[in-house]
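Worksheet for the structure shown next.
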Amino acid sequence: MPVSMLSAVTRAACLGSGVVMVFKNRGKAIFCRVFFISLLFVTAGGCFSCSKKHTPKVTSKLIIDAPSINDHSYNENAWQGLISFYNDEWGDEKYFGTLYDVVPVAGQGQSVSTLREICAEKTDLLVMVGFVFSDPLRIVAPMYPEQKFLSIDGSIESLSNILCIQFATEEGSYLVGAAVALQAQMDGIPNAQFGFIGGVRSDLIDDFEAGYVAGIRSIIPTAEIYEFYVDSWNAPALAAEKTKKWYDGNVYAVYSAAGGSGNGTIAQAVIHRKQGKNVWAIGVDVDQYAEGFYGVGKSAVLTSMTKNIDAAIVHGLKLVEKNAFVSGLKVLGLQEGAVGFTTTNAEFKSDVQKQLTGIMANIITGKTVIPSVRTDRDAVNGVLSTVIKE
């Protein structure tokens, strides 16, 4: 079956009427955030958004390693970037299925064959979301040298038709780690413990974890920190089970870098906070405050580490539109406004936020150096060796 037909068949499954309604209700807030980020990204090589609406002629497909964009995190943020480039909105995707589309890849065993089918359709830009597509791209991209690829979080730097955009996730993770440690201190929590839940172990997730652990230890050097990997991007029940065990103990906050699995952590945090226990979940990729609602003005998500995939995708599409596509690797961090933390929750103490402003400035100026696999694998291994593995 041609991919264009496959996309049409799976479109309802990828979006779904219920999903469209949720996104439509939240669309205004998301659009405002993307517009703000576009201003920050001027320093990274040009405005990533445009105040004057136009109808782009660029064709694109978003390739995801999931059955749906509805993960309230990584894939959702990518989809928002795609539709914003075409000046579309959630629930009103005028160009969906004509200028742009989404193609879910059911399993890694089908990646190469599916990518070859997509390439045969001669789309202007194929956007691969997730490091899991790195190996399939190494096989397929040389077969189609005229096809342009944007790899989000990929690691293919040597092919002339692939632009890889990565994020300094260790910087944003360091900030939310420092944030929960400071919040715990101000809450008077004795011997506060912390947890990290990963999806599938990789260099990318190691950076999330190492940054988080380093941020906590910059405030509480002797803190006990637990680590658990669910080995899946879509196992929320398993993440919830481990989170419950930790919260029932002495764990104050849990940070998940696990795609849809992280929703289990947030759901468990909601249950415990409803019971009156002072515990927190930390969101990832997008502001997950709304996912933690449990009452008027109440959320179990203290803050979220944001990674602005949406702006990166708009950047890649604009390069193609301007006939200025470049290959290679581009890493975006705090200095470019590409990562950060959210302050939506009113219970996120203002004194903590003030201290984070100073911490952030030290990172940007280089006074604080955070370990990353990109620059020092041994340092990352050293940080991760200090956590308690479960």
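Provide a single number: the residues in segment 303-356 that are assigned to a helix (DSSP H, G or I) and more than 21 Å from Trp280 (Cα to Cα).
16
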Residue hits (segment 209-232; of a type in the set (Ser, Thr, Tyr), touching a helix residue (DSSP H, G or I) at 6+ places or on another chain (Cβ under 9 Å) and more than 24 Å from Val270 (Cα to Cα)) are Ser218
Out of all the residues in segment 75-91, is one or more surrounded by 24 or more Cβ atoms within 10 Å (Cβ to Cβ), closer than 30 Å to Ser218 by Cβ, touching a strand residue (DSSP E or B) at 6+ places or on another chain (Cβ under 7 Å) and of a type outside the set (D, E, K, R)?
yes
Just checking, does segment 278-293 include any residue being assigned to a strand (DSSP E or B) and not hydrophobic (A, V, I, L, M, F, W, C)?
yes
By residue number, the members of segment 215-229 that are of a type outside the set (S, T, N, Q) and over 19 Å from Gly283 (Cβ atoms) are Arg217, Ile219, Ile220, Pro221, Ala223, Glu224
Condition first: open to solvent by 50 Å² or more (accessible area, probe 1.4 Å) and under 26 Å from Lys242 (Cβ atoms). Now tell me which residues in segment 337-346 satisfy that.
Thr344
When segment 51-74 is examined, which residues are found to be open to solvent by 30 Å² or more (accessible area, probe 1.4 Å), within 18 Å of Lys322 (Cα to Cα) and in contact (Cβ under 8 Å) with a residue 24 or more places away in the chain?
Lys53, His54, Thr55, Lys57, Thr59
Among the candidates Ser327, Ser304, Ser261, Ser299, which residue alone is in contact with a Pro (Cβ under 6 Å, 6 or more places away or on another chain) and either without any contact (Cβ under 8 Å) to a residue 24 or more places away in the chain or among the polar types (S, T, N, Q) (or both)?
Ser261
Checking Val58 against (1) under 30 Å from Pro236 (Cβ atoms); (2) of a type outside the set (Asp, Glu); (3) at pLDDT 85 or above, which single condition isn't satisfied?
(1)
Which number in (1) at pLDDT below 95; (2) over 30 Å from Tyr144 (Cα atoms) marks the one condition that Trp246 misses?
(1)
Residue list for segment 291-322, filter: open to solvent by 40 Å² or more (accessible area, probe 1.4 Å) and either of a type in the set (A, V, I, L, M) or under 12 Å from Ala78 (Cα atoms) (or both)
Val296
Please go through segment 347-390 and pick out each residue that is under 24 Å from Asn278 (Cα atoms) and open to solvent by 40 Å² or more (accessible area, probe 1.4 Å).
Glu347, Lys349, Ser350, Asp351, Gln353, Lys354, Gln355, Ile388, Lys389, Glu390
Residue count, segment 233-257, condition in contact with a helix residue (DSSP H, G or I) (Cβ under 6 Å, 6 or more places away or on another chain), part of a loop (DSSP other than H, G, I, E, B) and touching a residue at least 40 places away in the same chain (Cβ under 8 Å), comes to 2
What is the number of the single condition among (1) within 17 Å of the chain's Cα centre (by Cα); (2) farther than 25 Å from Thr265 by Cβ that Lys307 does not meet?
(2)
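Phe196: among the aromatic types (Phe, Trp, Tyr) and under 25 Å from Leu150 (Cα atoms), yes or no?
On the way: among the aromatic types (Phe, Trp, Tyr): yes; under 25 Å from Leu150 (Cα atoms): no.
So Phe196 does not fit the description; no.
The values are calculated or read from the model by the stated rules, or taken from the named source; none is laboratory data. Every value quoted in this text rests on a predicted model; they were computed, and no experiment measured them. Neighbour counts run over all protein chains shown; Cβ positions are idealised from the backbone, glycine included. Calculation scope for accessible area: heavy atoms of the full protein, side chains included, ligands and nucleic acids excluded. Shrake-Rupley method; radii C 1.70, N 1.55, O 1.52, S 1.80 Å.
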